[in-house]
There are 2 protein chains.
Amino acid sequence: MENGKPTFTDVNTLGEFGLIEKLTADITSSHKSTIKGIGDDAAVLQYGDQHLVVSTDLLVEGIHFDLIYSPLKHLGYKAIIVNLSDIYAMNAVPTQVTVSVAISNKYSVEAMEELYAGIKEACRIYKVDLIGGDTTSSPKGMTISVTAIGTVAKDKITYRSGAKKGDILCVSGDLGGAYLGLQILEREKQLYLSNPGIKPDLENQKYVLERQLKPEARKDMIAYFDKEKLVPTAMMDISDGLASDLMHICKASGVGAYVEEAKLPINQEAQMLALKFKLDPATTALNGGEDYELLFTINEKDLEKIRYMPSTYIIGEITGAEDGIKLHTSGGNIHPLKAQGWTHFESNQ
Amino acid sequence: MENGKPTFTDVNTLGEFGLIEKLTADITSSHKSTIKGIGDDAAVLQYGDQHLVVSTDLLVEGIHFDLIYSPLKHLGYKAIIVNLSDIYAMNAVPTQVTVSVAISNKYSVEAMEELYAGIKEACRIYKVDLIGGDTTSSPKGMTISVTAIGTVAKDKITYRSGAKKGDILCVSGDLGGAYLGLQILEREKQLYLSNPGIKPDLENQKYVLERQLKPEARKDMIAYFDKEKLVPTAMMDISDGLASDLMHICKASGVGAYVEEAKLPINQEAQMLALKFKLDPATTALNGGEDYELLFTINEKDLEKIRYMPSTYIIGEITGAEDGIKLHTSGGNIHPLKAQGWTHFESNQ
């Protein structure tokens, strides 16, 4: 750019994961308090006799949210939830968050109070302390940056990298709903833009709309694990979509996986809406993203512990790396599972 | 806004500090690991036998930086420095940082590598581990969010709130330089925009330009304090300007202050440039901001410890709250010290 270099590479050629990998490939840690840096749902630090986990996220208006259909209170709530979800994905309990917000002058004090009402509600419900606050100007739109901190006993921390061949692959709840909620909101937005007089018809779509606009993080799962004395071998939260996120676990663990399409948990409302949108429900479950369910693997010997655990679905198993990541379709075929990721997926709609 | 409330209040009526105060006034902490939340340079947590301090900052293109004159490598460096400065301001030593960057598609991979080269250089020089990285899209411009973590022994943590009447008021280095550097860059930008063929004349301005574009954080001061077994009674870093930041200390500590204009440390180059810009050098030192020096108070009994400490300037003393914050001018007058803050200050130029 301003340094006169002759070649410029479009960041899209690398994608988000490729870019961050390239930028941080040569980073090493020098403090013994740094247990795990970049490359998992959260970084892991050692202070005292517990591990501290730290996760951070940036939400940008026009990319991650659209204020035409996202109420500010819900947005504030969701901004906290998506970060807490990363903390739970380490089998940790979140304790503190910091929130920074950049806003253009189109936002009033009352709008910010709405946003903060959602932020504070999430903090209250999930019992985390809001310890740092910063607001600043932006030339355009809103950006929200949240950093979440949590703690976990050293012998309970769960990375993406611990899955072993033979482990059972589980997910904590139904998938695809948040994506379908987004499709409805986008459709209503287009209708509204072409005719602001139209009243949105959002009946029979409450579940998927809530999945998109006001998701929850699986705090309860961490409590179940604790109660059952179960430590998953690997875990992450499903933000980009099951297929994409499973690939992260397989890559980090050096394993393959086998997913049974018929076992994918799909909510009934989501199923019907997918068909209405002429989408394959299984595809929305595999690639939808933003459901913030936990994807985890457990050792076979722990099977009894999850059999009666609420909202735990066994969807497949971990195989050897040489087997790749395979989908056993409901039609009886077996083929490689492709991660479309949400960006690519959306551009196909 | 979208909730149909009848009144909208412009955020500018409250200002940045007023807004965050309003939004976070009712926040309480529920975890005993939360020692200090919002209201200082950094939040303070208790994990293990040390205190952990956490600070976060959002830098927005067009508000906090201008890429017409800010090289990306310097920008990356500065983004880390401003956060480390907040950690040092707690008398703590930074150990880890997370960095999130949102970029529009005008940025190439090479541009991001430049930015990260600066980020990584700052991490190397200040010995902090980069533990979390996130890059995401933005519809316009660049936003950088940094969270820094540091540690400090419990008996050494220094808040804004500990200043006592009779304490000595000190600053760790010269002031106003960064602001004058900005004035030069803005002038050259205007010249360049009106005639891109003009070569910038930046001779004899290296010091102030570096103060603006590539500031350093006062790591060395924390080491001096440690060596001299000196714990300041209150401390913060000067980001908004001495006057504004001193008011934060006085408000948090419930005290007044007395500043001697003649004692304000001003670099010779900055002094000459201020006059060239028809600005009072003392005014730039009091209100310039972005110098990232440490403003601190010490108990009178520690005077001997700082007398020979490198780059420590005594600029006044702490008085009772009833005395207010006063400036003893070089002309012999005493009048209330006003914090213009940098926004207001700039609009007066």
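All of the numbers you see were taken from the coordinates with simple rules; none came from a lab. The structure displayed is predicted, hence computed values, not measured ones. Reconstructed Cβ throughout: ideal geometry from the backbone, glycine too, with neighbour counts over all protein chains shown.
Counting from the shortest, the label point at A:A223, 7 Å from Cα toward Cβ, is 4.9 nm from the same position in each remaining copy.
Using a Debye calculation, one point per C-alpha and no hydration shell, please list log10 I(q)/I(0) for region B:81-149 at q = 0.17, 0.28 Å⁻¹ in order. Calculated log10 I(q)/I(0) at the listed q: -0.63, -1.26. Residue by residue along A:58-65, Cβ atoms of other protein chains within 10 Å of the local Cβ number 5 on average. Spatial offset of region A:85-160 relative to region A:165-197 amounts to 23 Å, using the alpha carbon center of each. Taking the DSSP bridge list for region A:81-166 and keeping only pairs wholly inside it, about 55 percent are antiparallel.
Restricting attention to region B:1-95, close to 90% of DSSP beta bridges with both partner residues there are antiparallel. Report, as an integer, the average count of C-beta atoms from other chains found within 10 Å of each Cβ along A:143-152. Shielding by partners across A:143-152 averages 5.
Pair-distance distribution P(r) for region B:175-251, from all Cα-Cα distances in 5 Å bins starting at 0: 3, 12, 16, 16, 16, 12, 9, 6, 5, 3, 1, 0 percent. Averaging over all projection directions, the Cα-based convex hull of the protein assembly as shown occupies 33.0 nm² in the image plane.
If you plug the beta carbon distance of B:N105 and B:Y192 into 1/(1 + (r/R0)^6) with R0 = 30 Å, you get a FRET efficiency near 0.75.
Shown for region A:224-349: lysine pairs separated by 8 or more places, or found on different chains, whose C-alpha atoms are under 24 Å apart, numbering 18.
Peptides B:238-249, B:204-215 ranked from most to least packed, by the mean per-residue count of other Cβ atoms within 10 Å: B:238-249, B:204-215.
Rg and Dmax of region B:10-74, both derived from C-alpha coordinates alone, stand at 16.6, 47 Å.
Here is the P(r) of region A:112-179: all C-alpha pair distances, binned every 10 Å from 0, give 11, 28, 33, 21, 7, 0 in whole percents.
By the combined test of axial Cα extent (at least 18 Å) and Kyte-Doolittle hydropathy (mean at least -1.0), the qualifying DSSP H helices of chain A come to A:72-88, A:109-125, A:177-194.
Using C-alpha pairs below 8 Å separated by at least 6 residues, the relative contact order for region A:160-347 is 40 percent.
Between identical copies, the spacing of A:K263 label points, each set 7 Å from Cα toward the C-beta atom, reads 7.3 nm from nearest to farthest. Within the same chain, aspartates and glutamates fewer than 8 places from B:K154 are excluded, and of the rest, those with a Cα less than 19 Å from its Cα are A:D49, B:D40, B:D41, B:D49, B:D86, B:D226, B:E228. Pairs of alpha carbons in region A:11-153 separated by more than 27 Å make up 29% of all such pairs.
Each helix, a run of at least 4 DSSP H residues, gives -39500 (n - 2.57); summed and divided by the residues of chain B, these come to -10500 deg cm²/dmol at 222 nm. When restricted to Cα atoms, region A:160-347 yields an Rg and a Dmax of 17.3, 59 Å, respectively. Taking the average, over residues, of other Cβ atoms within 10 Å as the packing measure, peptides B:112-123, B:325-336 rank B:112-123, B:325-336 from highest down.
Just for region A:160-347, what percent of DSSP beta bridges are antiparallel, to the closest 5?
Beta bridges within region A:160-347, antiparallel portion: roughly 85 percent.
Neighbouring Cβ atoms from other chains, within 10 Å of the Cβ of residues in A:21-28, number 5 on average. Normalising the average separation of contacting C-alpha pairs (under 8 angstrom, six or more residues apart) by the number of residues puts the relative contact order of region A:11-153 at 31 percent. When the trypsin sites (Lys or Arg not before Pro) in region B:238-323 are filtered for DSSP coil states and for at most 16 other beta-carbon atoms within 10 Å of their beta-carbon, the remaining sites are B:K278.
Projected onto their three principal axes, the Cα atoms of region B:41-110 cover extents of 46, 19, 18 Å, largest first.
Convex hull volume per residue, computed on the Cα atoms of region A:257-331, equals 118 Å³.
What Kirkwood hydrodynamic radius do you get for region B:151-216 when you take the inverse of the mean 1/r over all pairs of distinct Cα atoms, in Å?
Its Kirkwood hydrodynamic radius stands at 15.3 Å.
Considering chain B, its Cα convex hull presents a mean projected area of 20.8 nm².
Summary value for chain B: 20 percent relative contact order, contacts being C-alpha pairs under 8 angstrom separated by 6+ residues. Between this copy and the others, label points of A:T9 are 5.0 nm apart in ascending order, each placed 7 angstrom from Cα in the Cβ direction. So which residue of A has the beta-carbon closest to the axis that swings A onto B, and how many whole Å away? Its Cβ sits closest to the axis: A:G48, 1.
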